[in-house]
Amino acid sequence: MFRILPTLLLLLVVTGCATSPEGRSQLVAPAPLQGFSAVYSEFDMQLQLVTATDAPSCKEAECAADRAFDQRILALGNRLADVAFRQHPDLHLRFPRFDIVVADKADAGAASSAAGTVVIFRGVRHLELDDAALAFILAREMSHIIAGHHDENVTTSILVALAAQILFPALNLGALITGSAATTAATSAASSAVASTAVASAASFAGSRALRASYRPQHVVEAETMAMKLLVAAGWDGHEVSDQLQSMRPALPDEPDWVVELRESMQRIAVLLQGPPMPEIAGTQVQVAPPPPFVLPPPMISKPF
């Protein structure tokens, strides 16, 4: 027990608590590790890109359509970035600007990093979305960055890795796995150390992925709300955004998980804008549903393009 206490104290030192822009409590790394957080999330994003299927080379008309799409994404991203830095001045302390990139990946998708990079996959073009829907995709990815979701994921990974690397050897799980009855003491100790390291590494990877997956639904819902606030402040109408998202082509059999997630976002936004149906009961006053959480005062800028 006394061998485990220093571990618990170390875990308390390397993590802290903060509040997201939407009021949710979240884990954060201390200042010395925040630079590492940006590097780690950038590596994680690059890993997503490497493992995604490359888009085929374009030809003439397709290349022209790709260039037009790139220009739309850049214009929409710059417009949203301007508003994001107005709404969240502290972003300047984390990174100087948002970098908007279109990656030549076949499937529809998006990714981002804590350093302010937002990547839209080439496959999004084939969804044939209006500017309002594309702006929502960009704003949702920016909101993951603004809300510190990448930092929270990295902190979770650090927390799980420290727990696995320290607690597993302390509990001497390697000896339980390898056994030492038929080996010398030296061989047994070496085998136990190797087994402990392997088990700790496997547990660290699996545990961090599982915890991060459990955070994902909360992160997505929070990013949706923040994205709608960002869009309204940039001059879009919430109903226009919702209508454009709902005009997406019908669902296909083997859609990427990212598209399925986008459809779920579309449904939640539509429900928020419409409000829950109120029952009509004779002799009672029907209550009006509260407005959605992303209704804001008049926008700071209005249709700058």
If you take the residues of the stretch 116-141 that are more than 20 Å from Thr225 (Cβ to Cβ) and in a helix (DSSP H, G or I), which of them is most open to solvent (accessible area, probe 1.4 Å)? His126
Of the candidates Leu173, Leu162, Leu93, the one satisfying the condition of being at pLDDT 70 or above and either touching a strand residue (DSSP E or B) at 6+ places or on another chain (Cβ under 9 Å) or not hydroxyl-bearing (Ser, Thr, Tyr) (or both) is Leu93
With the first residue restricted to the stretch 221-239 and required to be part of a loop (DSSP other than H, G, I, E, B), and the second required to be open to solvent by less than 10 Å² (accessible area, probe 1.4 Å) and modelled with pLDDT of 95 or more, Cβ contacts under 6 Å at 6 or more apart or on different chains are Ala234/Leu80; Ala234/Val83; Trp236/Ala132
Flag if Arg86 is farther than 19 Å from Arg249 by Cβ, in contact (Cβ under 8 Å) with a residue 60 or more places away in the chain and surrounded by fewer than 22 Cβ atoms within 10 Å (Cβ to Cβ): yes
Condition (residue is surrounded by 10 or more Cβ atoms within 10 Å (Cβ to Cβ) and modelled with pLDDT under 90) applied to the stretch 252-272: is it met by at least one residue? yes
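The values are calculated or read from the model by the stated rules, or taken from the named source; none is laboratory data. Just so it is clear, the model here is predicted, and its values are computed rather than measured. FYI the Cβ positions are ideal-geometry reconstructions off the backbone, even for glycines, and counts take in every protein chain you see. We work out accessible area using only protein heavy atoms, side chains counted, and drop any ligands, DNA or RNA first. Shrake-Rupley method; radii C 1.70, N 1.55, O 1.52, S 1.80 Å.
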